[in-house]
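The values are calculated or read from the model by the stated rules, or taken from the named source; none is laboratory data. Note that this is a predicted model, so its numbers are computed, not measured. When we count neighbours, we look across all protein chains shown, and the Cβ atoms used for this are built from the backbone with ideal geometry, even at glycine. These accessible areas exclude ligands, DNA and RNA; they are computed on the full protein's heavy atoms, side chains included. Shrake-Rupley method; radii C 1.70, N 1.55, O 1.52, S 1.80 Å.
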Amino acid sequence: MRLVFLGTGEFACPALKALAQRHEIALVVTQPDRPVGRHAVLTPPPVKREVLRLGLPLIQPARINAPGALKKIRNARPEVIVVAAYGQLLKRELLSIPPQGTINIHASLLPRYRGAAPIPWAIINGEKETGITTFLIDEGLDTGPILRQKSLKIGPDETAGELA
């Protein structure tokens, strides 16, 4: 299947690697490099580092819904868009590009912990279990038909980084 992948953080890298082994990744979209640390060193996001290892085509638009970014995604002719920890809201025009829909990989058992930082919130709130939800994205925030969920126990001393 021909895919466009949208992801930024470390959480997205295992999904990108797995998809690249089974599907044609026509394009990867990630956030722009950002200044990090005391000296504001321009640093690529984890997904960009993975894309460079895999040798995949990459764009880093400041705004995913901007006309230039939408044109590049359209030109990639994806059958499906897959999103994991991307970090921007996707508007209707983008969601309408792939004929088979846009799938999100979200780090919680939806409907719990929609939006940003679902792993830290699960730990902060003392949850004993969390998981992964894949769902078809609609125009809401982490809403749409759920395709699959897998639960995962949270260890008593587990950190958000370890859980991710």
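The Cα-based radius of gyration and maximum Cα-Cα distance (Dmax) for the range 1-49 are 12.6, 43 Å. Within the range 1-85, all pairs of alpha-carbon atoms sorted by distance into 5 Å bins from zero give the percentages 3, 15, 27, 25, 17, 8, 3, 2, 0.
Between L95 and R114, the modelled labels are 1.1 nm apart [label points 7 Å from Cα along Cα→Cβ].
Under 5 Å from the amide H of I154 lie the amide H atoms of E129, T130, each residue being 5 or more positions distant or on a separate chain, with H modelled from the backbone and absent for Pro and chain starts. One Cα centroid belongs to the range 12-76, the other to the range 133-164; the line between them spans 21 Å. For the chain, the calculated P(r) over all alpha carbon pairs, in 10 Å bins from 0 to the bin holding the longest distance, is 10, 38, 36, 15, 1 percent. Could you check which residue among A18, A69, A26 shows the biggest mean-square fluctuation in a GNM of the chain with a 10 Å Cα cutoff? Taking springs between Cα atoms under 10 Å, the residue moving most is A18.
Residue-wise HN-Hα couplings along the range 151-157, as the Karplus relation 6.51 cos²θ - 1.76 cosθ + 1.60 with θ = phi - 60° gives them from phi, are 8, 8, 6, 9, x, x, 10 Hz; Gly and Pro carry x. The distance between label points at E129 and A62 comes to 4.5 nm (points 7 Å beyond Cα on the Cα→Cβ vector). Between the Cα long axis of helix 13-22 and the first principal axis of the chain there is an angle of about 50°, rounded to the nearest 10. A simple packing score, the average count of other Cβ atoms within 10 Å per residue, orders the peptides 5-16, 51-62 as 5-16, 51-62, with the highest score first. Lysine pair count for the range 11-164 (Cα-Cα distance under 16 Å; residues 8 or more apart in sequence or on different chains): 5.
Multiply the residue gap between K17 and K71 by 0.36 nm, knock off their C-alpha separation, and tell me the result in nm, one decimal place. The partial results should precede the final answer.
Working: separation 54, 0.36 × 54 = 19.44 nm, distance 2.49 nm.
Net length gain for the segment: 16.9 nm.
Computed from label points 7 Å out along Cα-Cβ, the spacing between I146 and E24 is 3.4 nm.
Determine, at each q value in 0.17 (inverse angstroms), the log₁₀ of I(q)/I(0) that the Debye formula gives when each Cα of the range 89-164 is one equal point scatterer. Debye output, listed in q order: -0.65. Per-residue ellipticity at 222 nm computed for the chain from its helices equals -6500 deg cm²/dmol, with DSSP H segments shorter than 4 residues left out and the rest contributing -39,500 (n - 2.57). Rounded to the nearest 10 square angstrom, K17 shows an accessible area of 90 square angstrom against a 1.4 Å probe.
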